[in-house]
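Taking it in order: structure first as structure tokens, then the write-up.
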Amino acid sequence: MRRTACMVIVLVTVLVTGLLVGCSRPSATSAALPKPTAYGAAIVESSGGKQTAEVGTLLTQPVVVQVNDQQGNAVTGALVVIRGPNGTYLDPAAGLTDSSGQFTTNVSLGTITGRYQLVASTTTKTGKSVELKIEEIGLGYQEMLGSALNDQYCARCHNQESTPQRVSNYDNLEVKPHPFTEGDTLNKLSDADLTAIISHGGPALNKSPLMAPYGYTLSKSEIQALIAYIRMVSDPPYGAPGIVYAQK
Amino acid sequence: MRLPDRLEKLRQLFFGDIVRTFGWTSLLLLLLLAVAPAKHFFADWHRYQRGYERLISKRSDAVTLRRHFEPGIQQIWLPEMGVVDRCTTCHSALKETTLKDVTTQPYRPHPVIPHKPEEMGCSICHRGQGAATSVEEAHKSTLAWEEPLLPAKYLESSCGQCHQQDLKGTPQLNLGRQMLSQYGCVHCHTIKRPDGSVITGTDDPPSLAHIADKTTREWIYAWLKDPQAYSTTATMPNFRLSDDDARDISAFLTSSSTPASLKVVQASLDEAKKVKDNAALQTKAASLYGESFCASCHAVQNAAGNLVGGNVGPELTKIGSKAKPEWLQAWVRNPHDYDPPTGMPHYRFTDQEVGELTGFLLAKTDADLLANVHLEAPTPDQIAHGKRLVNDYGCASCHEINGIKRPENFAPELTKIGSKPVNQLAFAPGVPHTLYDYIGAKVKQPRAFGPSLKMPQYTFNAAQIDALVNALLSHDERALTMPAAKTVPALPVSHYEPAGKAGQLINDLNCFECHTINGRGGDMAPDLTWEGSSVQREWLVQFFRNPNTLRPALIRRMPKFNLTDAEINTLTDYIMTVYQSPKIDRDSMPLAGYAPGQVELGKQLYYSKYGCQACHIIDTKQDKGYIGPTLTHVGSRLTAAWIYGWMKDPSMLRPGTQEPKRNMSDEDARALTAFLMSQKGSEKQEAKKR
């Protein structure tokens with residue numbers, strides 16, 4: 001009788017400890033970060049910010065950040081941790097800086113259309129955390145369509161950058177077009193204004209006649225897509241005016 | 001107390017007498033009855049609907065939102081498409097655009113897409129289990145229900161189920177489909193579209209029937225070991241062959257090769273030899289290479305390691321380590337002699353020019369490529385083994401090889417790959433058990449699924465792999481069973497063949513490689529379907545003689561083929577008579593003689609009202625437009641009827657053109673035509689041309 005009781009107790013203890021160990025394992029591994037061999041004082045962006053990509057897909061360029069010490073020299077072996085909003089996938093999300101003081105990660109955006117703020121952080125010698133905010137833009141279906149239309153019809157004039165495939169026409173124009181990232185100007189124009197300019201050309205709003213009308217070339221939904229794209233890439237970001245709800 | 005005694009006591013407590021029995025049983029039944037409402041109350045969807053009501057109650061348009069909201073289980077039922085989707089039960093706000101700021105699921109409104117949920121349902125695009133009413137079952141795959149929700153990066157595959165043509169909004173799917181044809185996937189795997197047509201390759205794997213004339217056995221060995229070591233842009237994948245296997249295959253290929261009828265001209269060979277090792281002659285040959293616009297199709301790595309040039313033909317950085325001089329000079333002279341269906345045009349080079357170009361190309365060598373390749377003469381055993389390997393690896397699926405028949409269905413058909421049940425797949429270790437992860441892993445590293453597998457290793461980056469997964473997922477059961485009225489079939493493949501002597505010339509010059517005519521051809525250069533309505537005969541003759549470019553910003557240009565006058569006449573006559581648009585009557589408007597007043601009006605319209613100078617150049621001193629063609633000579637290039645038609649509606653004459661339609665009045669269009677027709681170019685240049 002006593003032996004049975006003993007065995008039951010032993011069995012229960014084994015089960016409980018097993019359960020506890022089993023449950024605690026995941027949290028133990030997720031905390032396993034590489035141990036930094038050096039510490040920096042600042043973290044700066046090298047490349048990979050302000051990219052646009054279709055939601056859920058990999059950014060074309062990796063995000064590269066650099067850790068510097070107080071003198072501004074690159075630090076090798078400092079720990080960098082990058083966090084992103086829900087749905088962002090970072091490969092890898094943490095690691096040590098390489099011999100040139102840089103940490104490189106491939107970023108896949110989440111499923112929501114909009115801006116994704118990544119926060120890269122490193123710890124200093126004193127244990128303080130320094131942060132760097134990097135912004136990426138996720139385009140939904142409508143914005144992707146707008147992006148394709150931009151490439152076909154707008155970018156030759158509205159984008160100053162020339163590529164090997166296409167030479168920019170920006171410098172040739174007497175009245176300079178606004179790049180679509182120029183939020184300070186474009187954010188002031190309402191959707192109706194933008195629709196008017198795209199459909200009827202510059203003169204519709206007393207702007208340059210060099211801007212041709214596309215109302216007979218693009219459909220209504222294509223113009224909407226183009227505006228959605230322009231709104232998405234503008235810098236500073238576009239905040240839609242309209243109904244403002246009381247926030248409790 | 002012993003156990004039986006305790007049980008006896010419990011029985012006494014519950015069922016000791018009739019009243020107790022009745023009481024306890026009633027209580028038990030009551031509890032059982034309560035299970036149903038409790039289950040309802042605690043159901044996932046009920047919880048989410050209460051959450052939604054809480055969310056909207058705080059908003060200023062709560063009344064409107066509440067009116068739209070329908071409680072209870074919702075269902076989209078589309079029997080002809082096999083859709084039973086209850087997703088809208090929890091995703092209540094799909095159509096509420098005022099909830100744009102909400103980011104928590106399941107309350108986000110759906111982003112703008114061209115379809116309505118009530119017309120297409122949800123699971124057609126997102127997959128998952130539409131009929132499920134619990135979170136777990138709807139989104140994840142379970143033992144009974146295998147289809148998990150598609151991650152966002154593969155959503156475009158769903159567009160491809162119905163849309164067999166490229167869509168502007170689906171860049172990934174378009175890229176994936178292009179890759180299926182471009183990287184030779186479809187040579188081994190059959191993929192049928194829902195309409196029954198088979199996807200064909202756009203790559204053109206070279207015939208190996210006369211390979212020994214073209215290159216050495218050493219080069220074949222090095223290429224087989226690592227195609228990308230020769231050319232980073234090579235589309236041939238790496239078969240991970242052992243040294244012995246590569247040795248035996250190269251032995252078989254060279255021994256099975258038959259001699260091609262190459263025209264070897266000793267003068268060209270001598271010239272090539274001279275040019276190859278002479279820096280001054282190299283510079284001269286380089287300018288011939290540039291003038292002939294070889295770089296429009298072929299890329300060469302520059303000193304900085306960047307590829308410069310087009311990707312239509314193979315990269316030429318190390319061509320000197322590959323090609324035999326006799327073959328190369330014959331190829332430059334007329335590539336159709338060696339490979340009749342090649343895309344390379346037949347330039348009419350002189351023997352001297354052939355020699356120069358051959359010498360220029362032969363100097364492009366890489367000493368390291370073949371440095372460690374030492375092959376003994378092959379034994380009959382090695383050749384026999386090589387032949388077995390060529391059969392085993394299905395080389396003849398892509399290449400024509402003497403003595404080997406092209407294998408039918410060499411690799412599994414992929415027509416239904418997008419709906420292959422997960423339980424029929426053999427996963428490599430570490431690959432998550434979903435179909436899309438399986439396809440991605442297989443494309444990324446095929447041999448990880450078993451060392452004896454034959455599928456070769458490609459050098460795709462992560463984005464390319466995602467694109468391929470998108471294209472493959474679109475080939476599923478649903479695509480095949482979709483009602484025809486709901487689908488957009490693929491564009492029919494045009495098999496247009498120009499007739500007669502001009503047709504032979506067009507094929508000899510491979511015009512279709514860059515130009516499209518009647519739906520057949522490439523997109524590098526303008527569509528020529530209606531060229532006869534568009535241009536004036538004299539201009540076309542001059543253009544063939546010396547194709548000066550029309551667009552200042554263009555890098556890829558039309559080469560000069562050195563055609564004879566007779567050839568030019570044949571081509572021009574054919575183009576002017578056959579490539580006529582039914583919408584344009586070439587002779588309906590005169591080429592000259594417009595009233596000065598009309599010309600002046602046209603000039604004003606050109607510069608002020610329509611701002612044409614934004615994209616075009618007429619006055620080379622002040623205009624700078626880089627987008628459209630230069631119009632300084634447009635009056636001696638285009639017909640007036642074409643210009644008038646173009647003013648009225650450019651995209652009708654050339655679909656997809658960048659020039660927008662202006663909804664111009666007839667009067668304006670006539671005045672602009674008059675102005676443009678007055679642009680005949682300067683007298684001096686005209687005289688020079690004559």
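Please treat every number below as a calculation from the coordinates, not as lab data. Computed from a predicted model, the values in this text were never measured in an experiment. Methodologically, a virtual Cβ is constructed for each residue, glycine included, from the backbone with ideal geometry; neighbour enumeration extends over all protein chains shown.
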Under the definition of partner shielding as Cβ atoms of other protein chains within 10 Å of a residue Cβ, what is the mean value for peptide A:136-145? 4
Quarter of Cα convex hull surface for the range B:589-646, i.e. mean projection, nm²: 4.2 nm²
Classify chain B: rounded, prolate or oblate, from the alpha-carbon gyration tensor (a ≥ b ≥ c, eigenvalue square roots; a/c under 1.5 rounded; otherwise prolate if a/b is larger than b/c)? oblate
Let me know the mean shielding of B:602-615 by other chains, meaning the per-residue number of their Cβ atoms within 10 Å of its Cβ. 4
Taking a cut-off of 21 Å between Cα atoms, list the lysines near A:LYS176, but don't count ones fewer than 8 places away on the same chain. A:LYS188, A:LYS207, B:LYS609, B:LYS621, B:LYS624
Going by C-beta contacts inside 10 Å, put B:PHE675, B:PHE460 in order with the fewest on the left. B:PHE460, B:PHE675
Hey, got the average number of other protein chain Cβ atoms within 10 angstrom for residues in B:148-155? 5
Multiply the residue separation of B:GLU80 and B:ALA303 by 0.36 nm, subtract the distance between their alpha-carbon atoms, and state the gained length in nm to one decimal. 74.2 nm
Other residues with Cβ under 13 Å from the Cβ of A:GLN51 give, with Lys and Arg +1 and Asp and Glu -1, a net charge of -3
Extent along principal axes [Cα atoms of the range B:389-447; Å; largest to smallest]: 43, 22, 15
Is the C-alpha gyration tensor of the range B:586-689 telling us rounded, prolate or oblate? Criteria: a/c under 1.5 is rounded; beyond that, a/b larger than b/c is prolate, otherwise oblate. rounded
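To make sure I understand, if each residue's beta carbon is the centre and we count other beta carbons within 10 Å, what order do B:SER397, B:SER588 fall in, fewest to most?
B:SER588, B:SER397
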Hey, what did the range B:586-689 get for relative contact order, percent, Cα under 8 Å, at least 6 apart? 35 percent
Relative to chain B, whose Cα atoms define the longest principal axis, helix B:18-42 and its Cα axis are tilted in degrees, nearest 10, by 20 degrees
The exposure ranking of B:VAL35, B:VAL578, fewest beta-carbon neighbours within 10 Å first, is B:VAL35, B:VAL578
Can you report the principal axis dimensions of the range A:42-139 using only the alpha carbons, biggest first, rounded to whole angstrom? 39, 22, 18
Applying a 10 Å radius around every beta-carbon, put B:560-567, B:19-26, B:181-188 in order of their mean neighbour count, most first. B:181-188, B:560-567, B:19-26
Would you mind computing the Rg to Rh ratio of the range B:44-149 from its alpha-carbon coordinates, Kirkwood style for Rh? 0.97
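Please work out how much length the chain gains when fully extended from B:ARG388 to B:LEU453, using 0.36 nm per residue of separation minus the C-alpha to C-alpha distance, in nm with one decimal.
The B:ARG388-B:LEU453 span can extend by a further 21.8 nm.
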Can you give the helix-only mean residue ellipticity at 222 nm for chain B, where every DSSP H stretch with n ≥ 4 adds -39500 (n - 2.57) and the sum goes over all residues, rounded to the nearest 500 deg cm²/dmol? -12000 deg cm²/dmol
Explain nothing, just the number: relative contact order of chain B, from Cα pairs under 8 Å at least 6 residues apart, as a whole percent. 12 percent
Separation in nanometres of the label points that stand 7 Å from Cα toward Cβ, at B:ALA267 and B:ARG551: 3.9 nm
What is the distance, in nm, between label points placed 7 Å from the Cα along the Cα-to-Cβ direction at B:GLU477 and at B:GLU8? 6.2 nm
Between the Cα axis of helix B:565-578 and the main Cα principal axis of chain B, the angle (0 to 90°, nearest 10) is 40 degrees
How large is the Rg to Rh ratio of the range B:500-578 when both quantities use alpha carbon positions and Rh follows Kirkwood? 0.92
Would you mind checking the tilt of helix B:351-362 against the longest principal axis of the Cα atoms of chain B, expressed as 0 to 90 degrees and rounded to 10? 40 degrees
Could you name the lysines in cross-link range of B:LYS405, using Cα to Cα under 20 Å and dropping any fewer than eight places away on the same chain? B:LYS387, B:LYS454
Mean shadow of the range B:187-271, computed from the convex hull of its alpha carbons, in nm²? 8.6 nm²
At q = 0.06, 0.09 Å⁻¹, what is the base-10 log of I(q)/I(0) for the protein assembly as shown according to the Debye formula with one equal point scatterer per Cα and no solvent? Please give it to two decimals. -0.59, -1.26
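If the chain between B:ASP649 and B:LYS416 were fully stretched, how many nm would it gain, using 0.36 nm times the residue separation less the Cα-Cα distance?
On the way: separation 233, 0.36 × 233 = 83.88 nm, distance 4.29 nm.
Difference between extended and current length: 79.6 nm.
Here is the link list: B:LYS324/B:LYS364; B:LYS214/B:LYS364; B:LYS274/B:LYS324; B:LYS58/B:LYS116. Which ones come out longer than 19 Å on Cα distance?
In this structure, B:LYS58/B:LYS116 lie more than 19 Å apart at Cα.
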With a/c under 1.5 counting as rounded, go ahead and sort the range B:449-514 into rounded, prolate or oblate using the C-alpha gyration tensor (a ≥ b ≥ c being the square roots of the eigenvalues; past the cut-off, prolate if a/b is larger than b/c, else oblate). oblate
